[in-house]
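Comments concern the structure below.
Computed from the coordinates by the stated procedures, all read-outs in this text should not be read as laboratory data. The structure presented is a predicted model; accordingly, all values stated were derived computationally and were not measured. Neighbour counts run over all protein chains shown; Cβ positions are idealised from the backbone, glycine included.
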Amino acid sequence: MQDVITITLPNGDSREFPRGATGLQIAEGISAGLAREALGVKVNGHVVDLHRPIESDASVQILTWNDDEGKEIYWHSSSHLMAHAIEALFPGAKFGVGPAIEEGFYYDIDIEQVLTPEDLERIEKKMAELAKEDKPFERKVLTRDEALEFWGAKGDQYKLELISGLAEDEIISCYSEGTFTDLCRGPHLPSAGRIKYVKLLTVSGSYWKGDANNTQLQRIYGISFPKKKELDEYLIRLEEARKRDHRKLGRELELFAFHDVAPGAPFWLPRGMILFKELLNMIRDLLDGAGYDEILTPILVKKELWEQSGHWQHYKENMFLVEDGEDQIFSLKPMNCPESTFVYRHKVRSYRDLPLRFSEIGTNHRKELSGALNGMFRVRQFHMDDAHLYVRPDQILDEISDLLKLVDRFYKVFGFEPFYKLSTRPEEAMGEPALWDTAEAGLSDALAANGIDYKLNPGDGAFYGPKIDISVRDALGRSWQLATIQLDFQMPERFELEYIDENNDRKRPVMIHRAIMGSMERFIGVLIEHFAGAFPTWLSPVQAAVLPISDQFMEYGREVEAALRQAGVRVEFDQRNEKIGYKIRDWEMHKVPYMLIVGEKEKVGSAVSVRRHKEGDLGSRSIEEFVQLITEEISAKSL
């Protein structure tokens, strides 16, 4: 056996190291600066601890804070440190799970007292003390019996349940840091001293394993950074996010309301419906030009449909079930795809008919836990901007390429730059692995053909097929996964869909699921926060407000209002008996794009004094000039 191994770096360079060299030793061999910044190492695509020996030739990437996987290691280690602090402050605490999330980390804990903001400050302080001790994170592999004995002695039923649920051949590992040991796959930082600046943000309720029938735990959310400046910037961004909270702005701008009579289902108010309709009109115009036919399918469907589609086995816990009193069980549909197959089967299809592109703005219902509901971001009733395409295998590349371009065109209207992930076969996948391999290859080929960089998201596909997940970043830099393109060979098999090919043989079509906005409710919530409620003029529920400076100019103000309405502008006339300064401030608060002040000078000159939201006075314009200005802005969908 050779005593050296060849390590290939991300830039293609190769270097030799002694067999058993660790990621940290490789980082030190590259540069002292890299070794100081190193948080973990990716070996042949698999992320491990810096101290894990590498025994054979490998492709290696040293992970730092600049890498997503590096942040994940940092935040996962911070979660472990928080659990250590909690156990020190609250002896007997029991622990559920404590993962890194997109921004930060959380841990679900079971303690008798209800945690307060003051308790979070105590935990933060304890974490800082433990970090100063700079104890190493040490990994140990356990047998199943050893693991059950250790957490059994601690009386932690949650860890015992997790251990019991592991596959027989699965490696069971734990990490110790100081006096605290946690069941964990890792990886972790080399030592706790790497964790510098921590802020615990909130505490909320969460059910064990997300099941409302289980014990309710307390979930502590936190975030950590290696530099104080980054934490300070994050907290400023968090405060700005609070100001942009779509639930707050939705009330203030009179867009929607929620009531206990229909938990998780918004009541759309007139101004909110304008947003809804504008987006509907936009997506419909886009799809009409792309060769789509719009359909609409029933909301209430017999369970037999969901049994045939596979949703009954894989998704039943998320469905609202209804009994009709005649031994029939129905479900409010959680998604539209199975029903679109009935539209396809409405008549015999020829290869010449394909591709068929069926769009549907369907009303869907999903049984979300009450504690998981979150304004428009997590609802029980929503409208899905949905489509299902039925294509021949030779059409897959072209159709997915067209979809990628369609998504890009739609998002650019809002100033969004999309980024992409390819989500592959999950553990509980439905259907033959060979079909999954073909579907995954089809999606990756389409991304490559369009020159799109993407990240692999292993195991996160839908149960019936892999998917391209498309995300955007809002004005605060937050990531939102919105669009999805899914390639599905399973549904056509389960519903025995066919077309007649050029040789008069029966063949299976391939089904492409796609959403651009996704849930319209969630998309509108994202837009509210992205624009802080100050929508582009074309989308704004009120595009202009006419403000007479006194009662004697009411009649002229009505003439201005009528001219704008005639031009198709959404205008409101402010006839309140208030001072003009008050009216301007109030309309600024309501974020209307244009305020048109009318008084003696404007009346004489058939003009308006124009104010732009956040910009102030734009000077005087004739009515005709302003109508042209605003209608051109609306038509161009300008930002």
What share of all Cα pairs of the stretch 204-270, in percent, falls into each consecutive 10 Å distance bin? 17, 23, 33, 24, 3
Stretched fully, the stretch from E170 through E103 gains (0.36 nm per residue minus C-alpha distance, one decimal, in nm) 21.3 nm
Each label sits 7 Å from Cα toward the beta-carbon; between E427 and L369 the label points are separated, in nm, by 1.8 nm
Label-point separation, K154 to N66 (7 Å along Cα→Cβ), nm: 3.7 nm
Arranged by the count of other C-beta atoms within 10 angstrom, fewest first, what order do I171, I361 take? I171, I361
Rel. contact order, % - alpha carbon contacts under 8 angstrom, at least six apart, the chain: 8 percent
What is the ratio of the Cα radius of gyration of the chain to 2.2 N^0.38 Å, where N is its residue count, to two decimals? 1.13
Using θ = phi - 60° and the Karplus curve 6.51 cos²θ - 1.76 cosθ + 1.60, what whole-Hz ³J(HN,Hα) does each residue of the stretch 461-471 get, with Gly and Pro shown as x? x, 5, 5, 10, x, x, 8, 9, 9, 10, 10
Order the peptides 487-496, 454-463, 577-586 from the highest to the lowest mean number of other Cβ atoms within 10 Å of their residues. 487-496, 454-463, 577-586
The stretch 475-618 shape via C-alpha gyration tensor axes, a/c threshold 1.5: prolate
Calculated FRET efficiency for the pair D232/L34, C-beta based, R₀ 35 Å, to 0.05: 0.85
Under a Cβ-only charge scheme (Lys and Arg +1, Asp and Glu -1), can you give me the dipole magnitude of the stretch 241-329 about the Cα centre, in debye to the nearest 20? 840 debye
Only Lys, Arg (+1) and Asp, Glu (-1) charged, at Cβ; the stretch 54-123 dipole about Cα centre in debye: 220 debye
Sort the stretch 4-64 into rounded, prolate or oblate with this rule: let a ≥ b ≥ c be the square roots of the eigenvalues of the Cα gyration tensor; rounded if a/c is under 1.5, and if a/c is not under 1.5, prolate when a/b is larger than b/c, oblate otherwise. rounded
In deg cm²/dmol, rounded to 500, what helix-only [θ] at 222 nm does the chain give when every DSSP H run of at least 4 residues adds -39500 (n - 2.57) and the total is split over its residues? -11000 deg cm²/dmol
The extension gain from K455 to S622, computed as 0.36 nm times the residue separation minus the Cα-Cα distance, is 54.8 nm
Using a Förster radius of 35 Å, what is the FRET efficiency between A241 and Q552 based on their Cβ-Cβ separation? Nearest 0.05, please. 0.20
Got a sec to turn the phi values of the stretch 57-74 into Karplus ³J(HN,Hα) couplings, 6.51 cos²θ - 1.76 cosθ + 1.60 with θ = phi - 60°, whole Hz, x for Gly and Pro? 3, 7, 8, 10, 10, 7, 9, 10, 4, 6, 9, 4, 5, x, 4, 4, 4, 4
Please list, in chain and number order, the residues 5+ apart from G518 or on another chain whose amide H is under 5 Å from its amide H, with Hs placed from the backbone. D385
Summed side-chain charge close to R251 - residues other than R251 whose Cβ falls under 15 Å, Lys, Arg +1, Asp, Glu -1: +3
Dividing the mean separation of Cα pairs under 8 Å (6+ apart) by the residue count of the stretch 4-64 yields a relative contact order in percent of 40 percent
Sort the stretch 484-561 into rounded, prolate or oblate with this rule: let a ≥ b ≥ c be the square roots of the eigenvalues of the Cα gyration tensor; rounded if a/c is under 1.5, and if a/c is not under 1.5, prolate when a/b is larger than b/c, oblate otherwise. prolate
Quote the FRET efficiency, to the nearest 0.05, computed for E121 versus E254 with a Förster distance R0 of 30 Å and r equal to the Cβ-Cβ distance. 0.20
Could you work out how far apart the two model spin labels at R508 and E559 are, taking each label as a point 7 Å from the Cα in the direction of the beta carbon, and quote it in nm? 7.1 nm
Counted charge near P355, where neighbours are those whose Cβ lies closer than 10 Å (Asp, Glu -1; Lys, Arg +1): -2
Provide the per-residue ³J(HN,Hα) series for the stretch 549-557, in order, calculated from phi with Karplus coefficients 6.51, -1.76, 1.60 and θ = phi - 60°, each as a whole number of Hz, with x at glycine and proline positions. 7, 7, 4, 6, 10, 4, 5, 5, x
Taking the stretch 215-274 and dividing mean pair separation by its residue count, relative contact order in percent (alpha carbons under 8 Å, at least six apart): 19 percent
First select every other residue whose beta carbon is under 14 angstrom from the beta carbon of F382; then total the charges, Lys and Arg +1, Asp and Glu -1. +1
